[in-house]
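Reviewing the structure listed below.
The values are calculated or read from the model by the stated rules, or taken from the named source; none is laboratory data. What you are looking at is a predicted structure, and each value in this text was computed from that prediction instead of being measured. Note: ideal-geometry Cβ built from the backbone for every residue, glycine included; neighbour counts use all protein chains shown. All accessible areas refer to the heavy atoms of the entire protein, side chains included, with ligands and DNA or RNA removed. Shrake-Rupley method; radii C 1.70, N 1.55, O 1.52, S 1.80 Å.
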Amino acid sequence: MKPVRSLARVLMSGIFVASGIRQLRNPEHFTEHAKPVTDHITSLLERTGGPVPGNAETLVRTNGAVHVVGGLLLATGHLTRPASLMLAASLVPTTAAGHPFWTYDDPAARTNHQVHFMKNLGLIGGLLLAAADTQGRPSLRWRAGHRIGHSRRSVQRAVRTARRETRLAVRTAAAARRLPG
């Protein structure tokens, strides 16, 4: 199953590396479409009180860097779960900014953007699957549950053994009291 996982990660990461490089090389092309979403994100981030890059070009470049780094991590198999989550999170505003099909009146443009919007939703689903993939190893949840079950059975065995030994000790003491002398 490992070759399938590796191939799937490489195939999925290609679109992120390519689009990230385009965003880094030519952010002006994406800034116009991204401006409504980046303005909204900037206002949300300003409420948290941290430092926020205010201009859309910087946010587009940051998104491009996230796509390149996340795509390369995913393709090489390093930190695949965090990289998948990072890419999925960055794809949400990218999809909203790049393919707002609901704003188009032209049926052909609307359909084109709707197809790309749905494609990005499919990519988000694939990234969430990649983030949940444990690569054939048991998950932390399973291991914790298994360990708890094992501990519970050990305690139950210890209780049964203690009861058995207590009954034996009581019988032995009762038998000793009945002995003459």
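In segment 39-75, which residue that is modelled with pLDDT under 85 and of a type in the set (Gly, Ala, Ser) is nearest to residue 24 (Cα to Cα)?
56
Among the numbered criteria (1) under 24 Å from the mean Cα position of the chain (by Cα); (2) in contact (Cβ under 8 Å) with a residue 12 or more places away in the chain; (3) surrounded by 11 or more Cβ atoms within 10 Å (Cβ to Cβ), which one does residue 136 miss?
If we test residue 136 against (1) under 24 Å from the mean Cα position of the chain (by Cα); (2) in contact (Cβ under 8 Å) with a residue 12 or more places away in the chain; (3) surrounded by 11 or more Cβ atoms within 10 Å (Cβ to Cβ), just (3) comes out false.
Quick check: anything in segment 129-138 more than 17 Å from residue 5 (Cα to Cα) and either outside any helix (DSSP H, G or I) or of a type in the set (S, T, N, Q) (or both)? Before the answer, list the steps.
Filtering segment 129-138 for residues more than 17 Å from residue 5 (Cα to Cα) gives none.
So far as segment 129-138 goes, no, none of its residues is more than 17 Å from residue 5 (Cα to Cα) and either outside any helix (DSSP H, G or I) or of a type in the set (S, T, N, Q) (or both).
Suppose we keep only residues that are under 19 Å from residue 36 (Cβ atoms) and within 17 Å of the chain's Cα centre (by Cα) within segment 90-133. Which one would you say is modelled with the lowest pLDDT?
Residue satisfying both the conditions and the ranking: 93.
Residues being within 19 Å of residue 123 (Cα to Cα) and at pLDDT below 85: count how many of those fall in segment 7-35.
Step one: filter segment 7-35 for residues within 19 Å of residue 123 (Cα to Cα), giving 7-23.
Restricting the remaining residues to those that are at pLDDT below 85 gives none.
Count: 0.
Among the residues of segment 74-128, count how many are among the β-branched types (Val, Ile, Thr) and either loosely packed, with under 14 Cβ neighbours inside 10 Å or not in a helix (DSSP H, G or I) (or both). Steps first, answer last, please.
Looking only at segment 74-128, we keep the residues that are among the β-branched types (Val, Ile, Thr), and these are 76, 80, 92, 94-95, 103, 111, 115, 124.
Remaining after also requiring either loosely packed, with under 14 Cβ neighbours inside 10 Å or not in a helix (DSSP H, G or I) (or both): 92, 103, 111, 115.
So the count comes out to 4.
Considering only residues that are of a type in the set (S, T, N, Q) and more than 15 Å from residue 97 (Cα to Cα), look in segment 3-43 and name the one that is most open to solvent (accessible area, probe 1.4 Å). Don't jump to the end; show me each part of the working.
First, the residues of segment 3-43 that are of a type in the set (S, T, N, Q): 6, 13, 19, 23, 26, 31, 38, 42-43.
Restricting the remaining residues to those that are more than 15 Å from residue 97 (Cα to Cα) gives 6, 13, 26, 43.
Values: 6: 38, 13: 4, 26: 71, 43: 40 Å².
Among those that are of a type in the set (S, T, N, Q) and more than 15 Å from residue 97 (Cα to Cα), it is 26.
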